[in-house]
Amino acid sequence: MSGDSNVKVRLDNSELWSGLIGLGLGIFVIRSGLKLKLGTIHDPGPGFVLFYTGILICAFAATIMVAAITEGGPTFGSRWKDTRWAKPVIVIACLTGFAIALDPLGFLLAAIPLTLLLMRLIDPVRWSLAVPISILVPVGMWWLLKQALGIQLPSGMFGIG
């Protein structure tokens, strides 16, 4: 073991910042749990699960921070190097379009084109497979949500879905 026990903390260490953000989130969750009243193990209050979840978040964040300080970690720049932005932007655009079309068109008429677009643009699937899946999956989800579970979905201006 070397005599150099100086640990240098780099401020561009992305894992250190992730740990700090996680620690802040954990503290927020703990405080929220305390505000809602903990209760006891035999009679848990509304904040019981939140409080202990916050403790777990803080513990995980602390381990990330300790590892980032002792072992170092990647910089922000290295995390984003060679990132391909086209597909995430396409997904965000498709989901935004879906959110806009959901109310006026209804669930089925908005979900079928969304599924087809995602299947053809993100990881291209041949048309003979993409079209039936793009119809069957939203129809199956519609049946499960609306018919089996009784969840109200937007039916749109055509009353479909």
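The values are calculated or read from the model by the stated rules, or taken from the named source; none is laboratory data. Small disclaimer: the values here were computed from a predicted structure and weren't measured. Backbone-built Cβ (ideal geometry, glycine too); neighbour counts: all protein chains shown.
Listed by position, the helices (runs of 4 or more DSSP H) contained in region 35-128 that have at least 1 residues being under 23 Å from ARG10 (Cα atoms) and either more than 21 Å from the chain's Cα centre (by Cα) or of a type in the set (A, V, I, L, M) (or both) are 48-71, 76-80.
Results for (1) surrounded by 14 or more Cβ atoms within 10 Å (Cβ to Cβ); (2) closer than 30 Å to GLY19 by Cβ; (3) not assigned by TED's automatic domain parsing to the domain that holds GLY19, shown as yes or no for each residue.
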| residue | (1), (2), (3) |
| --- | --- |
| THR70 | no, yes, no |
| GLY73 | yes, yes, no |
| THR96 | no, no, yes |
| LEU105 | yes, no, yes |
| ILE112 | yes, no, yes |
| THR115 | yes, no, yes |
| TRP127 | no, no, yes |
| VAL131 | yes, no, yes |
| MET141 | yes, no, yes |
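LEU149 meets the conditions (1) surrounded by fewer than 12 Cβ atoms within 10 Å (Cβ to Cβ); (2) under 27 Å from ALA86 (Cβ atoms) in every case but one. The failed one is (2).
Take the conditions (1) within 26 Å of PHE28 (Cα to Cα); (2) modelled with pLDDT under 90; VAL66 misses just one of them, which is (2). When region 78-106 is filtered for residues that are among the aromatic types (Phe, Trp, Tyr) and in contact with a helix residue (DSSP H, G or I) (Cβ under 8 Å, 6 or more places away or on another chain), only PHE98 remains. In this structure, ARG79 qualifies as of a type in the set (Lys, Arg), in contact (Cβ under 8 Å) with a residue 12 or more places away in the chain and touching a Ser or Thr at 6+ places or on another chain (Cβ under 7 Å).
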